[in-house]
Structures are given as C-alpha cells and as structure tokens.
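Visitor: Starting off with a structure, shown below.
The values are calculated or read from the model by the stated rules, or taken from the named source; none is laboratory data. Note that this is a predicted model, so its numbers are computed, not measured. Note: ideal-geometry Cβ built from the backbone for every residue, glycine included; neighbour counts use all protein chains shown.
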Amino acid sequence: MTSVQRLWRRSREYLSLKAFRCRRCGEVIYPPKRACPYCGSRDLVEITLPRKGRIITYTVINVPIEGFSKPTIIAVAELGGAKVMAQVVEGAEHLVEDAEVEVVLGKVGRTVEGLEYYMPAFRVVSGKDLKEGDTD
Ligand SMILES: [Zn+2]
C-alpha cells in the first residue's frame, strides 16, 4: 500500500516494472530481490517487464477490507515471464482467463484517514466482448 508521497518518491521504480533475470537459471524475478529465489544465485541482470500481458487467474473479493472498492478484483498476469499480481481497476466486466491487460497507475484504495493511494494496477484491454482498440 502506498501513499501519494511515497508513490512520488518511488514512482520510477513502481511504474517502470523493473525486474531481474537470473543469469544462472533464466527465471524472471518480480518484484526484484537480491538473490534468485529459484536457484540462490546473485548473478542477476535488471530488465524491464512489458506493460501488457495475459491474465492467468483472478479472484473477486466481495467483502474487501475497508477502503477498497467493492468488489475488489485481484488478478495474476504473466508479463514477460514474470507473474505479477495487481488489482483490476478498469474493464473488470471484460475479465476472463487469458484476457489481455495493461499495467496502469490505479487508485486502489483509501486509508482510514481518507488518503487515496495508488499502485500499479491492471486495465483489461482485450477480453470478453472487448477487442483491443475498443473504447469503453
Ligand atoms: Zn536462478
């Protein structure tokens, strides 16, 4: 969870979708870690994930925690070999397995003090009853 101030300070990191690729085993590591969780190697090279990918799975939370939209939809998408989990903030009505999503800066919730916070989130660009390029 991120306040606007923290987001501003770390915006390049959050929005650039930086990840690592392990030079030993080839796995993509996101979010970045100091060592590969698959083989333990520290021989990592920084890469940038593509902004678009495909939905692997998602879940609908009908009783979200305070401050989140109701329902809250959390999805896992494959972006350039990485599995990225984020909230779906646009186009949820078109969401199906294998739908194409794009990472956007999404307002994902509100703190108990009323501050809105933003994180990378998914917008569905191609899915049920929606072809890429359609506007909704
Ligand atoms: Zn590795």
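Visitor: So Met1 clears everything in (1) among the hydrophobic types (A, V, I, L, M, F, W, C); (2) at pLDDT 95 or above; (3) away from the ligand (no atom under 16 Å from the Cβ); (4) part of a loop (DSSP other than H, G, I, E, B) except one condition, right? Which one?
Guide: (2)
Visitor: Now a separate question. All but one of (1) out of contact with any Phe, Trp or Tyr (no Cβ under 9 Å at 6 or more places or on another chain); (2) under 18 Å from Pro31 (Cα atoms); (3) of a type outside the set (Gly, Ala, Ser); (4) buried (at least 16 other Cβ atoms within 10 Å of the Cβ) hold for Tyr117, so report the exception by its number.
Guide: (2)
Visitor: Mind checking which pairs have a first residue in segment 33-45 that is among the basic types (Lys, Arg) and a second that is within 8 Å of the ligand (Cβ to nearest atom) and assigned to a loop (DSSP other than H, G, I, E, B), Cβ under 9 Å, 6 or more apart or different chains?
Guide: Arg42/Cys36
Visitor: Moving on to the next point. Assess whether Val45 counts as being of a type in the set (A, V, I, L, M), in contact with a strand residue (DSSP E or B) (Cβ under 9 Å, 6 or more places away or on another chain), exposed (fewer than 13 other Cβ atoms within 10 Å of the Cβ) and modelled with pLDDT of 95 or more. Quick ask: steps written out before the conclusion?
Guide: On the way: of a type in the set (A, V, I, L, M): yes; in contact with a strand residue (DSSP E or B) (Cβ under 9 Å, 6 or more places away or on another chain): yes; exposed (fewer than 13 other Cβ atoms within 10 Å of the Cβ): yes; modelled with pLDDT of 95 or more: yes.
Yes, satisfied.
Visitor: Is it the case that segment 58-72 has a residue that's surrounded by 14 or more Cβ atoms within 10 Å (Cβ to Cβ) and either closer than 29 Å to Arg23 by Cα or within 10 Å of the chain's Cα centre (by Cα) (or both)?
Guide: Taking every residue of segment 58-72 in turn, none turns out to be surrounded by 14 or more Cβ atoms within 10 Å (Cβ to Cβ) and either closer than 29 Å to Arg23 by Cα or within 10 Å of the chain's Cα centre (by Cα) (or both).
Visitor: Hey, among Glu102, Glu132, Glu93, Glu113, which residue is more than 9 Å from the chain's Cα centre (by Cα) and at pLDDT 85 or above?
Guide: On the way: Glu102 fails: more than 9 Å from the chain's Cα centre (by Cα); Glu132 fails: at pLDDT 85 or above; Glu113 fails: at pLDDT 85 or above.
Result: Glu93 is the single residue among Glu102, Glu132, Glu93, Glu113 that is more than 9 Å from the chain's Cα centre (by Cα) and at pLDDT 85 or above.
Visitor: Residues of segment 34-87 being within 16 Å of the ligand (Cβ to nearest atom) and among the aliphatic types (A, V, I, L, M), which ones?
Guide: Scanning segment 34-87 gives Ala35, Leu44, Val45, Ile47, Ala82.
Visitor: Give segment 17-33 a look and list any residue that's within 12 Å of the ligand (Cβ to nearest atom), in a loop (DSSP other than H, G, I, E, B) and under 21 Å from the mean Cα position of the chain (by Cα), or say none.
Guide: Going through segment 17-33, the residues within 12 Å of the ligand (Cβ to nearest atom) turn out to be 20-29, 33.
If we keep only those that are in a loop (DSSP other than H, G, I, E, B) as well, we get 23-27, 33.
Hits for segment 17-33 are Glu27, Lys33.
Visitor: Being among the β-branched types (Val, Ile, Thr) and out of contact with any Ser or Thr (no Cβ under 7 Å at 6 or more places or on another chain) is the requirement here; does Val76 meet it?
Guide: Working: among the β-branched types (Val, Ile, Thr): yes; out of contact with any Ser or Thr (no Cβ under 7 Å at 6 or more places or on another chain): no.
Against the criterion (among the β-branched types (Val, Ile, Thr) and out of contact with any Ser or Thr (no Cβ under 7 Å at 6 or more places or on another chain)), Val76 does not qualify.
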